[in-house]
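The values are calculated or read from the model by the stated rules, or taken from the named source; none is laboratory data. Fair warning: this is a prediction, and the values are worked out from it, not measured in the lab. Note that each Cβ is placed from the backbone with ideal geometry, even for glycine, and that neighbours are counted across all protein chains shown.
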Amino acid sequence: MSIAHGFRTIGVLGAGQMGLGIAYVASLRAKVPVYLVDKSPVQIQKSLSLMDKLLAKDVSKGKLSEQEAKDARQRITVVPEEQGIEGLKDVDLVVEVSNLNYAGYKLTEGGQAATENVNLKTSLFESLAAAVRPDTILATNTSSISITKMAAAAIPKGETAASPKGKASAARVVGLHFFNPVPVMKLVELIPALQTSQETLDRARAFAVACGKEVTVSKDVPGFISNALLMPFINEAIMCLEKGIGTRDDIDKTLKLGMNHPMGPLQLADFIGLDTCLSIQQVLYQGTSDSKYRPSVLLERMVDAGWLGKKSGKGFYDYE
Ligand code: CAA
């Protein structure tokens, strides 16, 4: 099949909310066959039924024909559980999804230190790089972890950062940061590692554009542009609540009605997940030593309590 972006097949590693969203836009908009991997069959089934619902809604609204929806769904293949990442060995691009809970590794459980997450993530990336073809582009959807570190993890055992094979393997790694909900949010942040080649960058951009997204480029700094700006904003709102400057509802209402934000910062924190917010803030704080990124005590305590926002049924708000 001839496709403008040049990818014949892609893999999505991690079928949570973000992974499903990426698989959805890749299949529907970029029209590329997608191989979906997750260790949890329950998660896969949940995601596929959500995809069916999204497609059915778009058909009922006249945004898609029945045939387009059917084709999009048929382009998704679930990799059998026993194959895992080996099932991606022939794809042209893998998007590794950074919900930090890929494939049963509960990386953020109990507010675990972000540095531990980094180690788990890089070891996952190391296995991925070894499982796929040497020319497969490896994109990571991480929200905050160093892409340069992920690229270094892609260097095969026995090679070095300066050897031809080592350099080529690291050069195919790039950050491709999607936003939740992926089908709705228009942006993808593109983050070159120090090692990323121009070809990798151009191809990753072409993929994001084919998925219907606008692209911005950020240097590989903690949090990139998006979270270096968003997380202090969310944290400041939590500290406003902690200090009693305003009630939950007044803080959110101020930003929603005064600044036209679609969600107030506390509602948005719940939507992202309080454990995810904490984990990103820890990466920002540890990566910069700048006190402006220090997570608020209230956020830490809420994560300690297991109040993780919308996904756990309780955060700043209660959910059914
Ligand atoms: N998946 C797919 N589509 C969804 C969706 C989801 N999870 N949630 C909502 N939608 C769709 C709806 O189906 C609806 O589509 P139609 O127009 O075709 O009917 C459309 O979005 C609008 O939805 P609603 O009317 O139900 O609700 P809304 O107008 O209040 O919009 C929202 C919901 C899009 C989530 C909006 O509140 C919003 O933009 N919130 C801010 C989201 C945000 O900031 N996201 C970024 C988080 S940061 C991040 O992701 C990265 C990181 O590193 C932390």
Check on Ile251, within 16 Å of the ligand (Cβ to nearest atom), among the β-branched types (Val, Ile, Thr) and over 30 Å from Asn119 (Cα atoms): yes
Among (1) among the polar types (S, T, N, Q); (2) modelled with pLDDT of 95 or more; (3) within 14 Å of the ligand (Cβ to nearest atom), the one test that Thr9 misses: (3)
Any hit, the stretch 227-240, residues being modelled with pLDDT of 95 or more, touching a Ser or Thr at 6+ places or on another chain (Cβ under 6 Å), within 22 Å of Met18 (Cα to Cα) and not aromatic (Phe, Trp, Tyr): yes
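Take the conditions farther than 22 Å from Met51 by Cβ, out of contact with any strand residue (DSSP E or B) (no Cβ under 8 Å at 6 or more places or on another chain) and modelled with pLDDT under 95 and apply them to Ser123. Does it pass?
It is true that Ser123 is farther than 22 Å from Met51 by Cβ, out of contact with any strand residue (DSSP E or B) (no Cβ under 8 Å at 6 or more places or on another chain) and modelled with pLDDT under 95.
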Failed item, numbered, when Val209 is tested on (1) away from the ligand (no atom under 16 Å from the Cβ); (2) at pLDDT 95 or above; (3) touching a helix residue (DSSP H, G or I) at 6+ places or on another chain (Cβ under 7 Å); (4) among the aliphatic types (A, V, I, L, M): (3)
Criterion violated by Pro80 - all others in (1) surrounded by fewer than 21 Cβ atoms within 10 Å (Cβ to Cβ); (2) more than 24 Å from Gly175 (Cβ to Cβ); (3) at pLDDT 90 or above satisfied: (3)
Test: residue in the stretch 305-312 that is more than 23 Å from Met18 (Cα to Cα) and either touching a strand residue (DSSP E or B) at 6+ places or on another chain (Cβ under 6 Å) or at pLDDT 95 or above (or both): yes
Meets criteria (under 20 Å from the mean Cα position of the chain (by Cα) and crowded, with 22+ Cβ neighbours inside 10 Å) for Met231: yes
Every pair of residues 6+ apart whose Cβ atoms lie under 8 Å, when the first sits in the stretch 252-267 and is over 16 Å from Met239 (Cα atoms) while the second is among the hydrophobic types (A, V, I, L, M, F, W, C) and not in a helix (DSSP H, G or I): Lys256/Met263
Residue check for Lys70: farther than 29 Å from Ile280 by Cβ, charged (D, E, K, R) and part of a loop (DSSP other than H, G, I, E, B): no
Looking only at the stretch 12-46, and only at residues there that are charged (D, E, K, R) and surrounded by fewer than 22 Cβ atoms within 10 Å (Cβ to Cβ), the one that is farthest from the ligand (Cβ to nearest atom): Lys39
